[in-house]
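As structure tokens, the structure follows; a few thoughts come after it.
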Amino acid sequence: MRKKIKEIVLIFLVVFYNGLFCQTKNETIPLSQIIAFLETKYQLQFNYAEDIVKAISIKEPIEGLSLNESLSYLQKTTGLEFTITDSNIILIKPYKARVLCGYIKDQETALPLVAATIESSGQATTSDEKGFFKIRIDKVSEPIVIRFLGYNTVHTNFNMVVTDVCQDYYLKPSFQSLSEVLISNYLVNGISKIDNGSYEINFLNFDILPGLIEADVLQSVQNFPGIQSLNETVSNINIRGGTNDQNLILWDGIKMYQSGHFFGLISMYNPQITQKVSLRKNGSSVAYSDGVSGTIDMQTSKPINSSFKGVIGVNLTDFNGFVDMPLGKNSSFQFAARKSISDFIETPTYRAFFERISQNTEVENNVSSITNSNKTFDFYDTSLRWIYKISDKDQIRINFINVHNELDFNENAIINDLEESRESSLSQFSIAGAINYERNWNKNLQTTLEIYETDYKLKSINSNLVDSQTFRQENIVSETSSKIELNYNINNRLQFLGGYHFVETEITNLDDVDNPLFRVLVSEVLRAHGVFSGLGFKSLNKKTNINFGIRYNYLEKFKKTLWEPRLSFSQKFLKKFNWEVLGEYKHQNTSQIINFQNDFLGIEKRRWQLSNNDDIPIIKSRQISSAISYNSNGWLFDIDGYFKTVKGITSQSQGFQNQFEFLKSKGEYEVRGIDVLVRKKINNINTWLSYSYMDNTYFFSEMSDKSFSSNYNVSHVLTIGSAYKLKNFKVSAGFNWHSGKPTTEPKKDNEIVNGNINYDLPNSTNLRDYSRVDLSAIYGLKLNDGIMADFGLSLWNVLNKENEINSFYRMNNDKVNKTVQYSLGITANALFRLTF
């Protein structure tokens, strides 16, 4: 019994002693006592003013620390500076404000992160285009927070900095994609090829392209092999022989049914707010629907800006402005706007554009008894993006865009000895909005919910004075979409993609004549459901990359099911080489048709329509391509062969102006081609040569000619370009050549049969070869801290080459008359822009 009592007392004393010891260790003691202890222990002297340390009490350093470790602990804890002199005296001084600098980079790619936020307790700043930052630190122990949207937040403090030089700070993505840059500087700085088969343009690091002083998205993509516009407009981009309506154009996930100002001569997407563009010619992700020829996906910037940025500029076509402002620490707002300058002045550039869009139309040449006057054209666009970071895992983004083009003119005539005048007009506008909610559940799981509404309207009022008639036409598209997408990183090599996509599209077409009364209004609705899943794989050595998936589509109206597999594969070998294979099945339910060549005053002839699964089929495509590239020492060789077949096209959608102009027939086309690129980079000079060969053939079983060359079969395309950058000066020059567009001519010596034009074989001849030389230059000047001025000049078609872009024939007074449409002649543009 006495033994047990002794054991209990002993346990009690041990517990009491440990508790007392812990309590002592947790208590704070005056800094002067700790200094006295260190002086005795290490036989040295501290030199300081009494008033600096007398009010400071801290926890005692743990046992076993060396002198340097003890001083480091005191410095971190007190915020004072402890410096050992050569005479073994330690000076204690108040901490002076320091500057912390560094470079914020992506942990996986080592690429700079632009506009990352760096915060201390009293200061905040953002990283620049190189990822560089500097910030004042008032206390040695002051906490520092580094944030970047989509990346894990880093917490540190100044006393953890090892040296006084600017260090690299690597942030890890909160959700990491397996896709990586395969080839940087594909043409110029800012253009990259990704290992999933897509191309990416980042306008933050963008240099300059020939003939362009603004970062025009849809003009820029035409510099890639296999992409061109036969009539020099951004509204008629042809990707590997496809028509413009077969391109899926997205702006921050919103499908757009309009692409240009000046009815196609200028991109309607403001270059200041559009930061990144992803281009796909093949091998699309299963998350995408539509776009049987290609996808152009434009994106605004994703980071939350912590400082105000503004841009104002003017060129020879428009005024423009842009602001990016923080709304607290977790939100930022961007707004961009452009307005044509025609209300104030008509520049030579404006007049050249106007003449280009109106040539051979009713606006330019009316019937002989009618004259046109008071021609005016106006355009504007506004766009905004708001991002709010709810938490480190949740973010919401709201987008809005509004675009308007309007042409007005008066038609004048003498009717019954009285002068009469009526106004005709043509307007084209789009308005769209979207909400995007993204959540990173953890480093491996991300979900995204995206909802958008997009509306497009084309409207014309054509006054006919001779017949006292007004002809009104409208084409309206209204589309609602909701999509939920899930990305899951199974491990660092495998990634799963899945989701559901619902789209409701309504298209309305109106033809209304008041004398005699005639009205046709057709409105159709189609609802589509899509379920998709895919798997991405990247090998440990990052040489093999595979993305494979399948998309299931169900069209309610037709009770029709479509399965669409997609594939992208790339393999690096022999260090410098890469082999790529891409393939896809796709479909789309909308297309554009031309009812009459004088629709909408002859300027905008195309109107959108929905498939009816009968005489307007669902368009389906299949495509396969294989490419090999070599990239070393500034040299890039890239050769890409492809085969594409597109079924379900109609003759009305192909723009025939020959014997098939008014024929309604279903068909398909097949394209075989090769795209080649050679690029050499020497220091600050990028020079490239691209060549494309294409064989594009129509197949229409109901036509008299079952197969013949496509209207878009431009067999040979050659481009040579060069860009040079020296500090703030950029200059670029380029030469573009392609073989003539196919055309159909009347039979020689037998042009008229039974009062109609007797055409030769369809597309059996070609227009003259096309050639154009372009120049552009930009110079940036730093006016003072925070203000930058840019001066730019471009020349389009420097040699003023008269290029034929289209020709057709019409009967007039029992004679066959030929009409030729020409490209822009020499056209200059100038730019002045302030960034602050």
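The values are calculated or read from the model by the stated rules, or taken from the named source; none is laboratory data. Remember, predicted model here, so these are calculated numbers, not experimental data. We place every Cβ from the backbone using ideal geometry, glycine too, and count neighbours over all the protein chains shown. Protein only, heavy atoms only, side chains kept; ligands, DNA and RNA dropped before computing areas. Shrake-Rupley method; radii C 1.70, N 1.55, O 1.52, S 1.80 Å.
Out of region 185-207, which residues are out of contact with any Asp or Glu (no Cβ under 8 Å at 6 or more places or on another chain), surrounded by fewer than 24 Cβ atoms within 10 Å (Cβ to Cβ) and farther than 20 Å from residue 626 by Cα?
185, 202, 203, 206, 207
Only residues that are crowded, with 17+ Cβ neighbours inside 10 Å, out of contact with any Lys or Arg (no Cβ under 7 Å at 6 or more places or on another chain) and at pLDDT below 95: list them for region 318-330, please.
326
Sort through 521, 510, 449, 486 and tell me the only one that's surrounded by fewer than 20 Cβ atoms within 10 Å (Cβ to Cβ), in a strand (DSSP E or B), without any contact (Cβ under 8 Å) to a residue 24 or more places away in the chain and not β-branched (Val, Ile, Thr).
So the residue among 521, 510, 449, 486 that is surrounded by fewer than 20 Cβ atoms within 10 Å (Cβ to Cβ), in a strand (DSSP E or B), without any contact (Cβ under 8 Å) to a residue 24 or more places away in the chain and not β-branched (Val, Ile, Thr) is 521.
Taking region 199-223 as the search range and keeping residues that are assigned to a helix (DSSP H, G or I) and either of a type outside the set (S, T, N, Q) or more than 22 Å from residue 778 (Cβ to Cβ) (or both), which one is modelled with the lowest pLDDT?
If we take residues in region 199-223 being assigned to a helix (DSSP H, G or I) and either of a type outside the set (S, T, N, Q) or more than 22 Å from residue 778 (Cβ to Cβ) (or both), then 217 is modelled with the lowest pLDDT.
Please pick out the residue among 285, 267, 306 that is free of Cβ contacts under 8 Å to residues at least 60 places away in the same chain and hydroxyl-bearing (Ser, Thr, Tyr).
After ruling out the rest, the residue left standing is 267.
How many residues does region 125-150 hold that are modelled with pLDDT under 85, in a strand (DSSP E or B) and among the hydrophobic types (A, V, I, L, M, F, W, C)?
Here the count works out to 1.
Looking at 114, 15, can you tell me which residue is open to solvent by less than 60 Å² (accessible area, probe 1.4 Å) and either modelled with pLDDT under 85 or not in a loop (DSSP other than H, G, I, E, B) (or both)?
Within the list 114, 15, the selection yields 114.
Tally up the residues in region 274-293 that are on the phi < 0 side of the Ramachandran plot, touching a helix residue (DSSP H, G or I) at 6+ places or on another chain (Cβ under 8 Å) and not hydroxyl-bearing (Ser, Thr, Tyr), please.
Residues meeting the conditions: 3.
What is the residue count in region 349-393 for residues that are more than 28 Å from the chain's Cα centre (by Cα) and farther than 23 Å from residue 604 by Cα?
Of the residues in region 349-393, 1 are more than 28 Å from the chain's Cα centre (by Cα) and farther than 23 Å from residue 604 by Cα.
Can you pull out the residues in region 209-231 that are open to solvent by less than 20 Å² (accessible area, probe 1.4 Å) and within 20 Å of residue 678 (Cβ to Cβ)?
209, 210, 220, 221, 224, 225, 226, 227
Taking the residues in region 667-680 that are open to solvent by 10 Å² or more (accessible area, probe 1.4 Å) and either aliphatic (A, V, I, L, M) or at pLDDT below 95 (or both) as candidates, determine which candidate is nearest to residue 243 (Cα to Cα).
674
Is it the case, given these coordinates, that residue 269 is aromatic (Phe, Trp, Tyr) and surrounded by 23 or more Cβ atoms within 10 Å (Cβ to Cβ)?
So residue 269 passes the test.
So in region 224-275, with the set limited to residues that are assigned to a loop (DSSP other than H, G, I, E, B) and of a type in the set (D, E, K, R), which one is nearest to residue 333 (Cα to Cα)?
252
Run down 613, 541 and say which single residue is under 30 Å from residue 655 (Cα atoms), open to solvent by 20 Å² or more (accessible area, probe 1.4 Å) and of a type outside the set (A, V, I, L, M, F, W, C).
When all the criteria are applied, what remains is 613.
Within region 353-360, is even one residue in contact with a Ser or Thr (Cβ under 6 Å, 6 or more places away or on another chain), surrounded by fewer than 18 Cβ atoms within 10 Å (Cβ to Cβ) and of a type outside the set (Val, Ile, Thr)?
Yes, that holds for at least one residue.
Go through region 693-737 and give me each residue that's at pLDDT below 95, not in a strand (DSSP E or B) and not acidic (Asp, Glu).
701, 703, 704, 706, 727, 728
Just for region 52-86: of the residues that are among the acidic types (Asp, Glu) and at pLDDT 80 or above, which one is most open to solvent (accessible area, probe 1.4 Å)?
63
Just for strands (runs of 3 or more DSSP E) wholly inside region 771-836: which have at least 1 residues that are under 30 Å from residue 756 (Cβ atoms), touching a residue at least 24 places away in the same chain (Cβ under 8 Å) and open to solvent by 40 Å² or more (accessible area, probe 1.4 Å)?
Ranges flagged: 804-812, 815-822.
Right, residue 747: without any contact (Cβ under 8 Å) to a residue 12 or more places away in the chain, among the charged types (D, E, K, R) and out of contact with any Ser or Thr (no Cβ under 9 Å at 6 or more places or on another chain) or not?
no
For region 550-603, what are the residues that are within 30 Å of residue 629 (Cβ to Cβ), open to solvent by 60 Å² or more (accessible area, probe 1.4 Å) and touching a residue at least 60 places away in the same chain (Cβ under 8 Å)?
Result: 550, single match.
Does residue 475 fit the bill of being part of a strand (DSSP E or B), farther than 28 Å from residue 256 by Cα and touching a Lys or Arg at 6+ places or on another chain (Cβ under 6 Å)?
When the stated conditions are applied, residue 475 does not pass them.
Which residue, of 429, 409, is in contact (Cβ under 8 Å) with a residue 12 or more places away in the chain, among the aromatic types (Phe, Trp, Tyr), in contact with a Lys or Arg (Cβ under 8 Å, 6 or more places away or on another chain) and open to solvent by less than 40 Å² (accessible area, probe 1.4 Å)?
None of the others qualify; the one that does is 409.
Keeping to region 172-198, report how many residues are touching a helix residue (DSSP H, G or I) at 6+ places or on another chain (Cβ under 9 Å) and part of a strand (DSSP E or B).
1
Being closer than 30 Å to residue 809 by Cα, at pLDDT 95 or above and not basic (Lys, Arg): is that true of residue 646 here?
yes
Can you tell which of 639, 685, 619 is buried (at least 21 other Cβ atoms within 10 Å of the Cβ) and of a type in the set (A, V, I, L, M)?
When all the criteria are applied, what remains is 619.
Would you confirm whether or not region 696-717 contains a residue that is crowded, with 18+ Cβ neighbours inside 10 Å and over 22 Å from residue 808 (Cα atoms)?
Yes, region 696-717 contains a residue that is crowded, with 18+ Cβ neighbours inside 10 Å and over 22 Å from residue 808 (Cα atoms).
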